[in-house]
Structure formats: structure tokens, C-alpha cells
């Protein structure tokens, strides 16, 4: 017997999954951004010339660095949370608390990194 999921776009967008759903979505976006970043990095080396210079300028820009660092750091910390919950299944009942701990670890590290990136971009 198959599982029926007759959920339209509007119903899906109204879903209020809160913390777990947000981390699910951010984890997927982070992974995709990392793959795209690596692909752009490889393509910039492959093409060279003006195209390579343009691609290098894109991913050396400080706004892009802030975005890609967010994606990579969140993906890593969230992945660590998932691994911990997989290794110790009894902790799954504390999933929401684990998400709060994840954000408590992520935010200070990310804030310091953004400060350093912006300070360097502004010539400091």
C-alpha cells in the first residue's frame, strides 16, 4: 500500500515545522551551495582567461564569502547534530534542545567570522 501525499504548493508553504524544518531546509541549501561553490571553483580554473577572472571575482567578494561560510558552517554543525542523534537514538526525544544547542554553537562562531570578513573587506 503506497503512501498518499496529496499536498499542494499552498499547503506545503503553510507548514509550520519550525526548528526541525528550518534546519532541514538550511542543511539542504548549504549542501547545494557547497557543491555549486566547488563547481564554480573548478570551472574558473578550467576556463581561465576573462571567464576565470570573473568567476574568481565572484567568489572572492566578501558578500559571497559570508554566504558560503554560512552554508558550510551550518551544514557542518547540523551534520554533527544529525550524527550525534543517529549514534545515540535515545537523544532524538531531545531534538529541539539539540537544535538550540546547534544555534548556540553556530551563532558566535559565525558572528566572529562575519566580523573578520567585513573588517578585512573594509581594509582593516
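What translational diffusion coefficient, in µm²/s and rounded to a whole number, does the Stokes-Einstein relation yield for the chain at 37 °C and a viscosity of 0.692 mPa s, taking the hydrodynamic radius as the Kirkwood radius over Cα pairs? Translational diffusion coefficient: 191 µm²/s.
The angle separating the long axis of helix 95-121 from the principal Cα axis of greatest extent in the chain is about 10 degrees. Remark: 27, 41 ranked as 41, 27, counting other beta-carbon atoms within 10 Å and listing the fewest first. Here the sum of -39500 (n - 2.57) over DSSP H runs of 4 or more residues, divided by the residues of the chain, equals -28000 deg cm²/dmol at 222 nm, to the nearest 500.
Between helix 18-47 and the chain there is an angle of about 30 degrees, using the helix long axis and the longest principal axis of the Cα atoms. Note on the chain: with a GNM built from Cα contacts shorter than 10 Å, the maximum mean-square fluctuation among 47, 64, 37 falls on 47. Spin-label model, residue 14 to residue 115: label points 7 Å out along the Cα-to-beta-carbon direction sit 4.4 nm apart.
Here the calculated FRET efficiency for residue 97 and residue 34, from their Cβ-Cβ distance with R0 = 22 Å, stands at 0.25, rounded to the nearest 0.05. Here the residues 10, 84, ranked from fewest to most Cβ neighbours within 10 Å of their Cβ, fall in the order 10, 84. Relative to the longest principal axis of the Cα atoms of the chain, the long axis of helix 49-60 makes an angle of roughly 50 degrees. Here the Gaussian network model covers the chain, with springs between Cα atoms less than 10 Å apart; of 49, 79, 31, 49 fluctuates the most. The modelled label-to-label distance between residue 56 and residue 26, using points 7 Å beyond Cα along the C-beta direction, is 3.3 nm.
All of the numbers you see were taken from the coordinates with simple rules; none came from a lab. Keep in mind the model is a prediction, meaning the values are calculated, not measured. Counting neighbours? That spans all protein chains shown, and the Cβs are built from the backbone with ideal geometry, glycine included.
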